[in-house]
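The values are calculated or read from the model by the stated rules, or taken from the named source; none is laboratory data. Remember, predicted model here, so these are calculated numbers, not experimental data. Cβ placement follows ideal geometry from the backbone for every residue including glycine, while neighbour counts extend to all protein chains displayed.
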Amino acid sequence: MNAQIDHNLEEIRRFRPSPEFAAQSVARQSLYTDAAEDRLGFWADRARELHWHKPFTKTLDWTNPPFATWFEDGELNVAYNCLDRHVLAGHGDRIAIHWEGEPGDSRDISYAELTAEVKRAANLLTSLGIEAGDRVAIYLPMIPEAVVAMLAIARIGAVHSVVFGGFSPDSLHSRILDAEAKLVITADGGYRKGRVFGLKDTVDAALGKGAPSVAHVLVVKRTGNDVAWEDGRDLWWGDEIAQVDADHEAKAFPAEQPLFILYTSGTTGKPKGILHTSGGYLTQAAFTHRNVFDLHPESDVYWCTADVGWITGHSYVVYGPLANGATQVLYEGTPDTPHPGRWWEIIEKYKVSILYTAPTAIRSFMKVGRQIPQKYNLRSLRVLGSVGEPINPEAWIWYRHVIGGGSIPVVDTWWQTETGGIMISALPGITDLKPGSAQIPIPGISLDIVTDEGEPVSGTDGGLLVITEPWPAMLRGIWGDPERFKETYWDKFGDKYFAGDGARRDEDGDIWLLGRVDDVMNVSGHRLSTAEIESSLVAHDMTAEAAVVGAADETTGQAVVAFVILKERQTVTLTNEEASEQLRAHVARQIGAIARPRQVFIVNELPKTRSGKIMRRLLRDLAEGREIGDTTTLADTAVMQSITDQVR
Ligand code: PRX
């Protein structure tokens with residue numbers, strides 16, 4: 001605690017790394033100087049820490065922006081880097097995954113065992129006709145087979161599209177169609193909050209809407225619930241895998257071989273398939289994982305609580321940790337099942353030393369109170385990480401004190417599905433930590449904060465966060481839509497990647513994220529688009545018009561709040577409460593529970609400008625219980641008063 005310089009003003013609290021921590025730190029100050037002197041040389045050195053079947057001679061090709069290639073003439077196998085390499089180095093007995101099922105069942109899987117399983121799964125995929133470049137959809141709970149499936153797909157040069165298990169049949173269907181997946185890998189069900197949720201049912205419903213590309217569905221038996229079966233199409237994973245060869249040689253693929261597509265919400269209704277490739281992605285995932293979390297693979301037990309259905313689960317559950325030979329915890333269920341201390345019990349059981357989670361989880365633990373974590377021995381923890389949304393200083397301090405015992409580093413990491421890996425973060429052991437700030441770009445990343453015109457902001461003014469130079473793990477495009485890729489991220493400034501976030505620098509040059517500046521909400525660290533939820537609401541028979549905003553929420557950061565105008569005939573039969581309840585359920589069914597609006601207000605009018613644009617800013621004021629802002633550009637200035645009267 002001596003290292004703490006505690007000022008009265010929250011913003012200027014600083015926490016210097018302890019001398020003991022700094023002395024054994026993985027990251028060195030020289031990373032910053034090396035990267036500043038020769039950025040491309042720095043990344044090439046990082047890439048050479050991987051195993052290349054064929055070494056690269058070119059680092060970056062940026063002659064055709066915004067389409068970058070990294071390490072283009074090199075060849076590698078991503079799965080080999082995550083598996084075989086460690087076994088060959090003599091670490092086959094090291095535990096790769098301590099898997100913990102929600103009902104309390106568990107499995108320890110060594111690197112040798114994981115490698116063996118992935119080899120079989122790779123042979124199985126090949127036997128089902130999957131070839132390099134083919135797309136495979138994964139719709140699985142957090143079970144080891146999710147990791148095995150991803151790595152097996154990577155091993156044969158195919159492309160995975162993991163769809164979060166909470167998404168609805170419609171959402172799954174549109175993702176399968178967009179990627180033209182040949183195969184879907186799912187499970188009979190998964191455990192969540194003590195109940196079984198049927199995943200195979202959802203896949204059946206999705207495929208029932210028509211998916212001509214899908215030839216097979218591989219089903220992992222997890223929950224043993226009854227499932228419908230289509231002979232010829234559906235196959236049990238366990239039965240099939242037992243029949244294939246155990247041996248499999250990992251072939252080399254070009255550095256730019258597509259590795260995965262991951263769908264994320266944008267400002268328009270249609271989800272975007274963010275495309276990531278192999279060599280650059282793995283380089284940045286591995287480097288950041290090692291340095292941001294100070295990973296000592298021989299002694300640390302790492303736990304990232306994200307689901308593999310999100311980018312954090314891709315980069316910091318699967319590729320980063322496994323490329324680094326880490327031992328990690330994988331947990332199937334929710335934090336409060338069967339009791340509110342479940343996470344802390346897991347940390348105690350496996351002696352977790354590095355925990356990476358989201359502010360929304362931290363805030364919900366704060367609400368329940370410190371007496372729950374205090375019942376467990378959390379002294380194994382030595383690094384804490386946060387991702388997904390700004391972590392407010394109060395939550396940061398609580399995390400450090402109550403979970404971290406008051407003296408261990410908390411790193412707040414800013415990045416996106418599109419960036420593939422961490423872009424802004426402190427490095428524990430080097431950086432003086434500042435609660436609430438994501439701090440500085442990691443070595444090798446160039447970014448800036450600019451005005452709407454693209455000029456660097458002066459001093460500590462707020463502005464738009466842009467990335468000024470290509471980076472290894474950057475998205476290579478939007479699947480099947482190069483124009484949308486350009487329009488969404490590059491057209492605004494031409495030569496800079498626009499992240500969609502507002503930010504400012506403080507006097508020390510530390511970066512503070514200010515939230516999204518577009519029509520994207522951030523609910524529990526997950527991106528949802530207002531347009532997508534509006535489309536879903538309007539698709540309901542009773543809806544005439546809908547507007548959706550993200551309103552501040554104590555636990556989830558932002559919550560979905562909808563304003564809906566009903567069609568005349570419906571208003572006669574339903575009360576507003578009933579209509580609102582039905583619409584909330586409808587959105588959850590159409591998109592997934594994560595998109596369920598916190599509130600649906602039934603109103604008679606929406607605030608619009610003269611050109612007919614909905615003024616979401618005013619609705620946000622209303623949803624957050626603030627004084628309504630400037631209404632002078634409204635076509636009818638009385639509208640807001642009338643809506644306010646209906647809502648409040
Ligand atoms: O608004 C930023 C917010 O989450 C967005 C990216 O969302 P997604 O692609 O789903 O990836 C989340 C996990 C990487 C960003 O545009 N965001 C993410 N991390 C932070 C954050 N906002 C503030 N601070 C962070 N540490």
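A few remarks follow.
- Residue match in the range 237-250 (condition: within 19 Å of HIS86 (Cβ to Cβ), more than 22 Å from the chain's Cα centre (by Cα), more than 16 Å from the ligand (Cβ to nearest atom) and of a type in the set (Gly, Ala, Ser)): yes
- When VAL538, VAL548, VAL517 are checked against the criterion of being surrounded by 18 or more Cβ atoms within 10 Å (Cβ to Cβ) and either under 24 Å from the mean Cα position of the chain (by Cα) or closer than 30 Å to LEU606 by Cα (or both), VAL548 stands alone in meeting it.
- Top-ranked residue of the range 156-192 - restricted to ones that are within 30 Å of GLU75 (Cα to Cα) and among the charged types (D, E, K, R), ranked as surrounded by the fewest Cβ atoms within 10 Å (Cβ to Cβ): GLU180
- Residue within the range 454-473 that is under 23 Å from the mean Cα position of the chain (by Cα) and among the small types (Gly, Ala, Ser) present: yes
- The numbered conditions (1) within 22 Å of SER535 (Cα to Cα); (2) without any contact (Cβ under 8 Å) to a residue 60 or more places away in the chain; (3) not in a loop (DSSP other than H, G, I, E, B) are all true for ILE643 except (2).
- Just so you know, in the range 340-386 the residues that are within 16 Å of the ligand (Cβ to nearest atom) and not in a helix (DSSP H, G or I) include one that is farthest from the chain's Cα centre (by Cα), and it is VAL383.
- Scanning the range 396-422 for residues that are away from the ligand (no atom under 12 Å from the Cβ) and in contact with a helix residue (DSSP H, G or I) (Cβ under 9 Å, 6 or more places away or on another chain) turns up ILE397, TRP398, TYR399, VAL402, ILE403, GLY406, SER407, ILE408, PRO409.
- Number of residues in the range 289-333 that are within 13 Å of the ligand (Cβ to nearest atom) and hydroxyl-bearing (Ser, Thr, Tyr) equals 4.
- Qualifying residue in the range 387-398 (condition: under 21 Å from ALA96 (Cβ atoms), charged (D, E, K, R) and part of a helix (DSSP H, G or I)): no
- Scanning the range 192-212 for residues that are closer than 15 Å to GLY165 by Cα and in a helix (DSSP H, G or I) gives LEU199, LYS200, ASP201, THR202, VAL203, ASP204, ALA205, ALA206.
- Out of ILE153, ILE97, sole residue that is over 18 Å from THR327 (Cβ atoms), at pLDDT 95 or above, among the hydrophobic types (A, V, I, L, M, F, W, C) and buried (at least 23 other Cβ atoms within 10 Å of the Cβ): ILE153
- Out of ALA544, ALA562, ALA585, one residue alone is among the aliphatic types (A, V, I, L, M) and at pLDDT below 95. It is ALA544.
- In the range 368-415, the residues that are among the aromatic types (Phe, Trp, Tyr) and closer than 25 Å to ALA22 by Cβ: TRP396, TRP398, TYR399, TRP414, TRP415
- A Cβ distance below 8 Å, combined with a sequence gap of six or more or placement on separate chains, defines the contacts here; from the range 368-383, residues that are on the phi < 0 side of the Ramachandran plot and surrounded by 13 or more Cβ atoms within 10 Å (Cβ to Cβ) reach residues that are modelled with pLDDT of 95 or more and of a type in the set (S, T, N, Q) in the pairs SER380/SER353; LEU381/SER353; ARG382/SER353; VAL383/SER353.
- In summary, strands (runs of 3 or more DSSP E) completely within the range 446-520 and bearing 3 or more residues that are within 12 Å of the ligand (Cβ to nearest atom) occur at 462-467, 497-505, 511-516.
- THR33 falls short of the stated requirement of being touching a residue at least 12 places away in the same chain (Cβ under 8 Å) and among the polar types (S, T, N, Q).
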